[in-house]
1. Go through segment 59-116 and report how many residues are over 26 Å from Ile138 (Cβ atoms), out of contact with any His (no Cβ under 6 Å at 6 or more places or on another chain) and of a type in the set (Ser, Thr, Tyr).
2. Return the pair list, or none, for Cβ contacts closer than 8 Å from residues in segment 62-74 that are polar (S, T, N, Q) to residues that are buried (at least 16 other Cβ atoms within 10 Å of the Cβ) and not in a loop (DSSP other than H, G, I, E, B), at least 6 apart or on different chains.
3. Looking at Met199, Met161, which one is assigned to a loop (DSSP other than H, G, I, E, B) and either of a type in the set (Val, Ile, Thr) or open to solvent by 90 Å² or more (accessible area, probe 1.4 Å) (or both)?
4. What are the residue pairs meeting all of these: first residue in segment 76-93, first residue among the small types (Gly, Ala, Ser), second residue open to solvent by 10 Å² or more (accessible area, probe 1.4 Å) and in a helix (DSSP H, G or I), Cβ atoms under 7 Å, and 6 or more apart or on different chains?
5. In segment 1-59, which residues are part of a helix (DSSP H, G or I), in contact with a Leu (Cβ under 7 Å, 6 or more places away or on another chain) and open to solvent by less than 70 Å² (accessible area, probe 1.4 Å)?
6. Among the numbered conditions (1) open to solvent by less than 30 Å² (accessible area, probe 1.4 Å); (2) touching a helix residue (DSSP H, G or I) at 6+ places or on another chain (Cβ under 8 Å); (3) more than 23 Å from Glu38 (Cβ to Cβ); (4) touching a residue at least 40 places away in the same chain (Cβ under 8 Å), tell me where Lys137 comes up short.
7. Name every residue in segment 164-191 that is outside any helix (DSSP H, G or I) and open to solvent by 40 Å² or more (accessible area, probe 1.4 Å), in order of residue number.
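The values are calculated or read from the model by the stated rules, or taken from the named source; none is laboratory data. A quick note: this is a predicted structure, and the numbers were derived from the prediction, not measured. Reconstructed Cβ throughout: ideal geometry from the backbone, glycine too, with neighbour counts over all protein chains shown. When the accessible area is computed, the model is the full protein with side chains, heavy atoms only, and any ligands, DNA or RNA have been set aside. Shrake-Rupley method; radii C 1.70, N 1.55, O 1.52, S 1.80 Å.
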Amino acid sequence: PERGLISPAEFIPMSEDNGLINPIGRWVLHESCRQLREWHKTYPSVQPVTMNVNISGRQFSQPDLIDTISRTLKDTGLDAQYLKLEITESVLMENAESAAEMLAELKALGSQLAIDDFGTGYSSFSHLHKFPIDTLKIDRAFVSRMDTSSESAEIVKTILMLGHNLRMQVVAEGVETSSQVKHLRSLGCDYGQGFYLGMPLDPVSAKNLISEESSLKSFS
């Protein structure tokens with residue numbers, strides 16, 4: 001009411017610093033799983049969609065993370081295979097060995113795992129094959145420049161080849177133009193994420209979108 005909308009770029013780092021990210025993260029996880037389970041029950045004819053939930057660096061280091069996720073899945077009744085947890089590359093590389101152990105425990109729950117903002121930081125490709133990752137998400141910084149920078153285009157191409165060679169899906173983040181879509185398709189990118197493909201939706205708008213998909217399925 002006083003400051004208007006506050007960007008996540010501002011409040012997430014502050015929440016990380018003061019520890020509020022943990023209760024925020026628990027609420028987001030529970031609400032995401034609850035909402036997804038509701039959609040699955042409401043639209044059984046639609047292929048079940050997955051929900052991606054970001055796990056912050058501070059959350060990832062919490063000793064009760066596995067218990068929190070396991071309890072949330074049980075409380076909401078969501079099948080773990082439809083929950084995809086996103087962890088940034090920089091968080092994983094702070095301590096690659098302990099990160100690999102935590103990822104293995106998360107994978108044992110049945111959830112999918114994704115590395116967010118891949119290509120931006122500290123990653124040593126020698127560690128990547130040790131992580132039980134399902135998806136690499138190419139950082140938007142490279143995607144946004146791929147049509148104007150040959151270096152960025154080569155990085156996108158290299159990450160795609162790397163991910164596919166390791167049998168991972170690859171998602172391009174920050175897709176905002178038709179030329180980027182065309183370029184990514186020519187490279188064999190699996191998925192795209194960005195304003196060109198779809199704006200963020202509130203639960204009601206998302207429900208309407210799923211409902212339209214359900215109607216199309218019923219008449220096909």
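1. The total comes to 3.
2. Once the first residue is polar (S, T, N, Q) and sits in segment 62-74, its partners that are buried (at least 16 other Cβ atoms within 10 Å of the Cβ) and not in a loop (DSSP other than H, G, I, E, B) give Gln62/Asn22; Gln62/Thr68; Thr68/Arg26; Thr68/Leu29; Thr72/Arg26; Thr72/Leu29; Thr72/His30; Thr72/Cys33.
3. On inspection, the qualifying residue turns out to be Met199.
4. From residues that are among the small types (Gly, Ala, Ser), the pairs are Gly77/Arg37; Ala80/Leu73.
5. If we filter segment 1-59 for residues that are part of a helix (DSSP H, G or I), which is where we start, we get 8-18, 21-42, 57-59.
Now drop any that are not in contact with a Leu (Cβ under 7 Å, 6 or more places away or on another chain), which leaves 33, 36-37, 59.
Listed by number, the residues that qualify are Cys33, Leu36, Gln59.
6. (2)
7. If the condition is that a residue be outside any helix (DSSP H, G or I) and open to solvent by 40 Å² or more (accessible area, probe 1.4 Å), then Leu166, Arg167, Gln169, Glu176, Thr177, Asp190, Tyr191 are the ones that fit.
So that you can scan it fast, the table gives a plain yes or no per residue for (1) surrounded by fewer than 14 Cβ atoms within 10 Å (Cβ to Cβ); (2) modelled with pLDDT under 95; (3) more than 26 Å from Met51 (Cβ to Cβ):
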| residue | (1), (2), (3) |
| --- | --- |
| Gln81 | yes, no, no |
| Glu86 | no, no, no |
| Ser90 | no, yes, no |
| Met93 | no, yes, no |
| Ala104 | yes, no, no |
| Ala108 | yes, no, no |
| Tyr122 | yes, yes, yes |
| His127 | no, yes, yes |
| Met146 | no, yes, yes |
